[in-house]
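Notes follow the structure.
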Amino acid sequence: MAGDRLKMMLNNPLSVVQYFHNTIDMILKTMLKGGMFGELIHYHGPIEYQGRGTPHAHLVVCSGPLCSTILIIVLALDKRQWITSFTP
């Protein structure tokens, strides 16, 4: 199943990039800029490509008064996983 999904992704690179871009935009608009974690102070998230050609991002978010909350989000589309952690 996972192998089939990876093959499909590699055969449609533009679709993968568009989906990934839309996913990141939605996260920024709804969760971060929408105030889910308090006032957004700053975020940074480089997008990298893994050896098999699929994109993933590491978002580091600073929110709350004086950056009292730091959130780390790793999004990898080919494994459909989110890894999040808070540092109060």
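Things to note:
- For the peptides 67-73, 12-18, 46-52, residues were scored by their other Cβ atoms within 10 Å and the scores averaged per peptide; the highest-first order is 67-73, 12-18, 46-52.
- Phi to ³J(HN,Hα) by Karplus 6.51 cos²θ - 1.76 cosθ + 1.60 over region 48-62, Hz, x for Gly, Pro: 10, 10, 6, x, 8, x, 9, x, 8, 10, 10, 9, 10, 10, 10
Every number here is computed from the coordinates shown, using simple stated rules; none is lab data. Owing to the predicted nature of the structure, the values given are computational and were not obtained by experimental measurement. Cβ atoms come from the backbone with ideal geometry, glycine included; neighbour counts cover every protein chain shown.
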